[in-house]
Amino acid sequence: MKERLEELRDEALAKVKAAEDVKSLQEVRVAYLGKKGPITEVLRGMGKLSAEERPVIGQMANDVRDAIKVEVDAKEVLLEQAAIEQQLAEESIDVTLPGRPVSSGSRHPLTIVVEEVEDAFLGLGFSVAEGPEVEVDYYNFEALNLPKDHPARDMQDSFYFTDELLLRTHTSPVQARTMEKHEGKGPVKVICPGKVFRRDDDDATHSHQFMQIEGLYVDEHVRMSDLKGVLEQFAKAFFGEDREIRLRPSFFPFTEPSVEVDVSCGMCAGKGCRICKQSGWIEVLGAGMVHPRVLEMSGFDSTKYSGFAFGMGAERLAMLKYDIDDIRHFYTNDVRFLAQFKRA
Ligand code: PHE
């Protein structure tokens, strides 16, 4: 029995030594120290021993068990430590690595322009109004003094859904809608930005969809000089303090008189260059005094009230301000174009 116990001890200690992880060590512990292990078995067979042998073998069995337990415990601490160290090594973060760049988006240049125009006019007491993009014939044409036979109603120029329903061709219907809401009482002082649609073939300067910003001011005693003053203020706020404007006679069915408004060329300060085609001036918008018939149709007494209106293309403003050569850049969403409008 003595030999058997020594054999078991050597065998167990060898296995403890060989154990490479906590799990196989646990197997050794159960195998040699568990209730069904060989040492327990030896102790169970002690009944057959003589009275002198019994305490000696009993003592020895306990010593062997203690010796194995000490080694298993010690090895367990080592293995657990090793496991923690391995985990730490695997999960370590190299804080010296450069971070991954976070790329932020940017506002669309047309959004920037519309907001700038809005800001300029909000500062002059205007508020922002909106209207539907799918418009009825009445507001898009009729209420703006564009009678049934007007060429602008041509199927070639407008996107019609039905005889009565179309994609608005300008933001001017918002004028009529806004005046109607005021029920004949001034002042009306709004600007209306929005998408408009025309049956144009797309090229560098034409787009079947673009953005207009309409302005309308109706009150008692509104004069042409008010229009000029407001637009001059705007031109200086938007393009720069050194800019001038000039008005040229023009025609729109909904304004009388009507004007085309130019701003002095920022490239050559009015001297004449490639950008302004040597004229020193760049056309930026259409405007005029609201036609008395338009006032009347929207419920305003044209003997008491007068007003001015203007409309400009947001793309054109943006192209002039940022020197963009093709209107299609606004709609093709090339990030190389859009990223240039990131705020510094
Ligand atoms: N609606 C006109 C256009 O689309 C622009 C305009 C608006 C002109 C208001 C005069 C007054 O061309």
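Couple of notes before you dig in:
- A single entry from Glu180, Glu133, Glu164 fulfils the requirement of being without any contact (Cβ under 8 Å) to a residue 60 or more places away in the chain and away from the ligand (no atom under 11 Å from the Cβ): Glu164.
- Residues being under 23 Å from Val230 (Cα atoms) and either within 16 Å of the ligand (Cβ to nearest atom) or β-branched (Val, Ile, Thr) (or both) - total across the range 259-280: 5
- Complete set of residues in the range 243-253 that are touching a His at 6+ places or on another chain (Cβ under 9 Å) and either surrounded by 19 or more Cβ atoms within 10 Å (Cβ to Cβ) or part of a strand (DSSP E or B) (or both): Phe252
- Condition check for Gly299: not in a strand (DSSP E or B) and not charged (D, E, K, R): yes
- Checked against the criterion of being touching a Pro at 6+ places or on another chain (Cβ under 9 Å), farther than 30 Å from Phe341 by Cβ and in a loop (DSSP other than H, G, I, E, B), the candidates Asp149, Asp157 yield just one match: Asp157.
- Restricted to the range 193-225, and to residues there that are under 21 Å from Glu296 (Cβ atoms) and part of a strand (DSSP E or B), the residue that is nearest to the ligand (Cβ to nearest atom) is Glu214.
- Every residue from the range 218-242 that is under 34 Å from the mean Cα position of the chain (by Cα) and either buried (at least 21 other Cβ atoms within 10 Å of the Cβ) or more than 26 Å from Tyr331 (Cβ to Cβ) (or both): Val230, Leu231, Glu232, Gln233, Phe234, Ala235, Lys236, Ala237, Gly240, Glu241
- Annotation note: of Lys35, Lys75, the sole residue that is more than 22 Å from Lys2 (Cβ to Cβ) and either out of contact with any helix residue (DSSP H, G or I) (no Cβ under 6 Å at 6 or more places or on another chain) or not assigned by TED's automatic domain parsing to the domain that holds Leu8 (or both) is Lys35.
- Qualifying position, being within 12 Å of the ligand (Cβ to nearest atom), of a type in the set (D, E, K, R), closer than 23 Å to Lys181 by Cα and not in a loop (DSSP other than H, G, I, E, B), among Glu256, Glu283: Glu256
- Of the listed requirements (1) within 16 Å of the ligand (Cβ to nearest atom); (2) modelled with pLDDT of 90 or more; (3) in contact with a Leu (Cβ under 8 Å, 6 or more places away or on another chain), His170 misses just one: (3).
- Counted residues, the range 286-332 - those being over 27 Å from Met267 (Cα atoms), surrounded by fewer than 20 Cβ atoms within 10 Å (Cβ to Cβ) and either touching a helix residue (DSSP H, G or I) at 6+ places or on another chain (Cβ under 8 Å) or modelled with pLDDT under 90 (or both): 4
The values are calculated or read from the model by the stated rules, or taken from the named source; none is laboratory data. As the structure is a prediction and not an experimental result, all values here were calculated from the model. Virtual Cβ from ideal backbone geometry, glycine too; neighbours counted across all protein chains shown.
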